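The values are calculated or read from the model by the stated rules, or taken from the named source; none is laboratory data. Predicted, not measured: the structure shown is a model, and the values here were computed from it. As a convention, Cβ positions derive from the backbone with ideal geometry for all residues, glycine included, and neighbour counts pool all protein chains shown. For accessibility, only protein heavy atoms count, side chains too; no ligands or nucleic acids. Shrake-Rupley method; radii C 1.70, N 1.55, O 1.52, S 1.80 Å.
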Amino acid sequence: MGKVFSDKVEQALSYIYYNERLQKGFEGRELLLQAVNEGDADAMCILARCCSGKHYVWEGHGFPEQEEEATMLLHQSVKNGSALGVLVALRSGELTPSLMKEMPFASLQEAADKVEAMAAKGDAFCQYTLANSYFWWDFLRIQNKGRDAFNSDQEFKAYMEENVLKCEDLFWKAFRGGIFLAGNNLNKLYREGDDIIPPCPEKAKDIARIGAEYGYPGWQYSYAGQLANQEDYVSARHWYERAVEGGEMDACYWLGKFYQLGRGVTVDYEKAVSYFERCLDCEWGSMHPYAANYLGANYFEGDGVPRDYAKAYQLLTWGHQADPDNNFGVYYLAKCCFEGLGTQQDYALACKYLREVDWKNDEVEYMRGYLYCYGLGGVQQDIRKGVEHLQKSGTRQAREELLNYKKTLFGNWKRR
């Protein structure tokens with residue numbers, strides 16, 4: 001591959017984009033900072049992208065999102081003569097008329113031509129940036145053309161198709177060259193199309209597999225998810241393991257779940273606990289509440305760890321607060337509050353959690369019945385309703401509690 005950037009920027013790109021699995025993102029970021037301090041305009045542009053969040057750099061690096069810093073760096077890269085910075089600023093909506101006056105290029109086309117030359121030398125970041133200018137129609141502004149430049153709608157449509165389709169080959173080159181994000185846009189191009197290019201979803205079906213085989217942790221995670229949806233848990237486990245090796249720690253949750261439920265493996269609670277704990281130790285990710293719920297259940301039941309109700313209640317409470325729409329742990333939380341396990345006995349809070357249980361559970365029916373029979377936790381006493389719940393429960397406690405009630409001649413229930 002031809003060298004198109006300074007040594008520090010080349011190495012930084014390798015660490016941050018082209019070899020994510022090395023998990024040397026912060027080393028790459030430090031190289032960019034050094035290059036920025038030396039006045040390297042391209043380093044300013046790339047560092048701006050590193051500050052812009054998960055849509056522009058792998059979330060697994062754990063880079064802080066710094067919107068103001070990203071904007072400042074991007075503007076400075078344009079002023080200092082980065083053609084790459086010009087295209088990125090254009091794509092980001094930051095290339096204002098006043099900023100354009102400060103760039104050392106006669107036109108946007110001149111900057112685009114320079115990026116195209118770097119892309120032709122094989123740099124994946126440049127290929128990806130150039131592809132985006134076609135994919136998102138920035139080429140119209142770069143080439144300073146619009147409908148009025150053509151004699152007919154047919155000519156304009158042909159011009160648009162020719163240019164938009166240039167993104168496909170560039171995205172594939174960037175994808176093969178180390179930019180996992182290029183796969184996202186290929187997926188969008190094929191599945192959704194746009195006003196010019198019709199969708200072609202059959203072309204998208206292998207992107208996750210290809211990305212996984214290229215070694216991108218994020219795509220290994222996505223491909224494993226596809227396999228799991230097909231109930232090919234053995235293959236899914238392989239790719240989740242590869243993803244974890246590469247630093248995609250959300251995959252720990254799914255591996256823990258596989259061992260917890262015996263999907264593609266023999267049930268092994270200790271391994272499940274280990275993976276859930278690794279997921280919770282991660283500084284980023286979206287699976288934390290789910291891992292907390294499963295781990296909390298394990299502590300409650302004593303599966304893979306010594307039983308610890310206080311730890312269970314802590315984990316389950318955090319998991320529920322972090323994702324209130326997920327009611328996985330509400331049964332355990334209700335039972336903890338109802339019986340005072342790991343927390344103070346609190347019938348009102350038990351009632352709150354019981355209202356969120358939307359599946360059949362004998363223990364839940366017993367608790368509901370008990371609360372209604374005694375009018376606890378803020379519910380109005382209603383022995384009839386309480387007995388109905390107790391009768392739905394098959395627990396020993398429910399059978400014993402039912403012995404305390406009898407039906408009158410008029411069909412009402414009362415305490416003996």
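Charges at C-beta only: +1 for Lys and Arg, -1 for Asp and Glu. How large is the resulting dipole of the stretch 70-174 about its Cα centre, in Debye rounded to 20?
The calculated dipole for the stretch 70-174 is roughly 280 debye.
In straight Cα distance, which aspartates and glutamates are under 15 Å from LYS8, not counting same-chain residues fewer than 8 positions off?
LYS8 reaches GLU27, GLU30, GLU38, ASP40, ASP42, ASP123.
Using a 1.4 angstrom probe, figure out how much accessible area the chain has per residue, in square angstrom, rounded to the nearest whole.
Details: 20050 Å² over 416 residues.
On a per-residue basis, 48 Å².
Using the Cα centre of the stretch 1-117 as the reference point, and only Cβ charges (+1 on K/R, -1 on D/E), how large is the resulting charge dipole? Debye, rounded to the nearest 20. Spell out each step's value before the answer.
Numbers: 11 positive and 18 negative charges, 34 e Å.
Here the size comes out at about 160 debye.
Anything over 25 Å Cα to Cα? Flag those among LYS145/LYS173; LYS24/LYS188; LYS114/LYS205; LYS24/LYS257; LYS114/LYS166, in the order listed. Write out the running numbers ahead of the final one.
Working: LYS145/LYS173 27 Å; LYS24/LYS188 29 Å; LYS114/LYS205 34 Å; LYS24/LYS257 29 Å; LYS114/LYS166 17 Å.
Pairs exceeding the cut-off: LYS145/LYS173; LYS24/LYS188; LYS114/LYS205; LYS24/LYS257.
So what are the stretch 338-416's ellipsoid semi-axes, whole angstrom, largest first, if each one is the square root of 5 times an eigenvalue of the alpha-carbon gyration tensor?
22, 13, 12
If a cysteine in the chain has no other Cys Cβ under 4.7 Å from its own Cβ, put it on the list, ordered by number.
Among the cysteines of the chain, those whose Cβ sits 4.7 Å or more from every other are CYS45, CYS50, CYS51, CYS126, CYS167, CYS200, CYS282, CYS336, CYS337, CYS351, CYS373.
Take the alpha carbon gyration tensor of the stretch 1-113, find the square roots of its eigenvalues, order them as a ≥ b ≥ c, and report rounded if a/c is under 1.5; if not, report prolate when a/b exceeds b/c, else oblate.
prolate
If you take every residue apart from SER6 with its C-beta less than 12 Å away from the C-beta of SER6, what net charge results, scoring Lys and Arg +1 and Asp and Glu -1? Kindly include the intermediate steps, with their values, before the conclusion.
Values: positive: LYS3, LYS8; negative: ASP7, GLU10, GLU38, ASP40, ASP42.
Computed value for this residue: -3.
Taking the Cα centre of the chain as origin, sum charge times position over the Cβ atoms of Lys and Arg (+1) and Asp and Glu (-1), and report the length of that vector in debye to the nearest 20.
1860
Less than 9 Å Cβ to Cβ from ALA204, Lys/Arg counted +1 and Asp/Glu -1: what total charge do the surrounding residues give?
With Lys, Arg at +1 and Asp, Glu at -1, the neighbours total +2.
Based on the mean of other beta carbon atoms within 10 Å per residue, what is the order of 261-269, 132-140, 178-186, 195-203, most packed first?
Ranked by mean Cβ neighbours within 10 Å, highest first: 178-186, 132-140, 261-269, 195-203.
At 1.4 Å probe size, put TYR366, TYR18 in order of accessible surface, largest to smallest.
TYR18, TYR366
Return the sequence-ordered ³J(HN,Hα) values of the stretch 133-142 in whole Hz as given by the Karplus equation 6.51 cos²θ - 1.76 cosθ + 1.60 applied to θ = phi - 60°, using x for Gly and Pro.
5, 8, 4, 9, 6, 5, 4, 4, 6, 4
Using modelled amide H (1.01 Å from N, peptide plane; none on Pro or chain starts), what sits under 5 Å from the amide H of TYR405, excluding residues fewer than 5 places away?
ARG416
Ignoring ligands, DNA and RNA, what percent of the 1.4 Å accessible area of the stretch 160-202 is carbon and sulfur?
48
Within the stretch 1-71, which GluC sites (Glu not before Pro) sit in a loop by DSSP and count at most 12 neighbouring Cβ atoms inside 10 Å?
Answer by residue number: GLU38.
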